[in-house]
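Engineer: Before I ask anything, let me first share the structure, which is written out below as structure tokens.
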Amino acid sequence: MTRPDKARYYLDIAAAVARRATCLRRQFGAIIVKDDQIISTGYVGAPRGSINCLDLNDCPREKAGIPSGERYELCRSVHAEMNAIIHASRQEMLGATLYLACLDPRTGQRVTGVRPCKLCTRMIINAGLKAVVADGPGGEVVRYSVEDWVKQDRGEWTPDNITGY
């Protein structure tokens, strides 16, 4: 038996959270961890009380052939990262890490190389999170520094001062 390291452990929990997702395209799960304590979880799904795409068996973006990462205003869902942030206080999130996992709803297999969208990235920055951890393109664990995203936004980005890219 091999004991997973902490990053893989928390990514596996985020993947378990993703199984609750109601998106027909991707099942994302997010957990926020601070001082080795899970403070919040979230998965992608329609707002409370709204009918979700899974129950409708319909995705407006899929039907319109909209590529991934575009036209989120047509999506019925709230992203996993947003839901995790909504369910925690900012004080709890200051300096915390968000773990993000994604599953393919058709196969249940992990999707690698995922990152938060631009809107979620902005929310992560404002929430005071320190890092985002996800499955990298080759299945390795990738850690993104939120401060690097802020530098990139300010135009201070260079390949030498950005980690995780």
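Engineer: Would you be so kind as to identify which of 121, 141, 102 lies farthest towards the positive end of the dipole of the stretch 1-159, taking Lys and Arg as +1 and Asp and Glu as -1 on Cβ and the Cα centre as origin?
Structural biologist: 102
Engineer: Taking square-rooted eigenvalues a ≥ b ≥ c of the alpha carbon gyration tensor, is the stretch 47-90 rounded, prolate or oblate, where a/c under 1.5 means rounded and, failing that, a/b exceeding b/c means prolate?
Structural biologist: oblate
Engineer: Can I ask one more? Using modelled amide H (1.01 Å from N, peptide plane; none on Pro or chain starts), what sits under 5 Å from the amide H of residue 141, excluding residues fewer than 5 places away?
Structural biologist: 136
Engineer: For the stretch 1-45, report the accessible area per residue in Å² (1.4 Å probe, heavy atoms, rounded to an integer).
Structural biologist: Each residue of the stretch 1-45 exposes 56 Å² on average to a 1.4 Å probe.
Engineer: Further question: Compute the length gained on full extension between residue 8 and residue 109: take 0.36 nm times their separation in residues and subtract their Cα-Cα distance, giving the result in nm to one decimal.
Structural biologist: Extra length available between residue 8 and residue 109 comes to 34.8 nm.
Engineer: Taking the simple approach of a point 7 Å from Cα along Cα-to-Cβ for both residue 55 and residue 73, what is their distance in nm?
Structural biologist: For residue 55 paired with residue 73, the spin-label model returns 2.6 nm.
Engineer: Averaging the inverse of every distinct alpha carbon separation and then flipping it gives the Kirkwood radius. What is it for the stretch 1-84, in angstrom units?
Structural biologist: Mean inverse Cα-Cα distance, inverted, gives 13.8 Å.
Engineer: Any idea what the dipole of the stretch 1-62 comes to, in debye rounded to 20, about its Cα centre with Lys/Arg Cβ at +1 and Asp/Glu Cβ at -1?
Structural biologist: 60
Engineer: Further, regarding this structure: Which angle from 0 to 90°, rounded to the nearest 10, does the C-alpha axis of helix 118-127 make with the longest principal axis of the chain?
Structural biologist: Relative to the chain, helix 118-127 is tipped by roughly 50 degrees.
Engineer: Provide the per-residue ³J(HN,Hα) series for the stretch 128-134, in order, calculated from phi with Karplus coefficients 6.51, -1.76, 1.60 and θ = phi - 60°, each as a whole number of Hz, with x at glycine and proline positions.
Structural biologist: x, 5, 9, 8, 10, 10, 8
Engineer: Compute the signed sum of charges (Lys and Arg +1, Asp and Glu -1) over the other residues within less than 13 Å, Cβ to Cβ, of residue 51.
Structural biologist: Local net charge: 0.
Engineer: While we're looking at this one, here's another question. Let me know the charge dipole size of the chain about its Cα centre in debye, to the nearest 20, where only the beta-carbon of Lys, Arg (+1) and Asp, Glu (-1) is charged.
Structural biologist: 340
Engineer: Using modelled amide H (1.01 Å from N, peptide plane; none on Pro or chain starts), what sits under 5 Å from the amide H of residue 96, excluding residues fewer than 5 places away?
Structural biologist: Long-range HN contacts for residue 96: 130.
Engineer: Something else: Whole-Hz ³J(HN,Hα) for each residue in the stretch 85-96, computed from phi via Karplus 6.51 cos²θ - 1.76 cosθ + 1.60 with θ = phi - 60°, x for glycine and proline: what do you get?
Structural biologist: For the stretch 85-96, the Karplus curve yields 5, 4, 8, 10, 7, 4, 4, 5, 7, 4, x, 7 Hz.
Engineer: May I pose another question? Grab the DSSP H runs of the chain that are 4 residues or longer, score each as -39,500 (n - 2.57), total them, divide by all residues and round the 222 nm result to the nearest 500 deg cm²/dmol.
Structural biologist: About -7500 deg cm²/dmol.
The values are calculated or read from the model by the stated rules, or taken from the named source; none is laboratory data. None of these values were measured; they are calculated from a predicted model. Positions of Cβ are generated from backbone atoms using ideal geometry, with glycine treated the same way; all protein chains shown enter the neighbour counts. All accessible areas refer to the heavy atoms of the entire protein, side chains included, with ligands and DNA or RNA removed. Shrake-Rupley method; radii C 1.70, N 1.55, O 1.52, S 1.80 Å.
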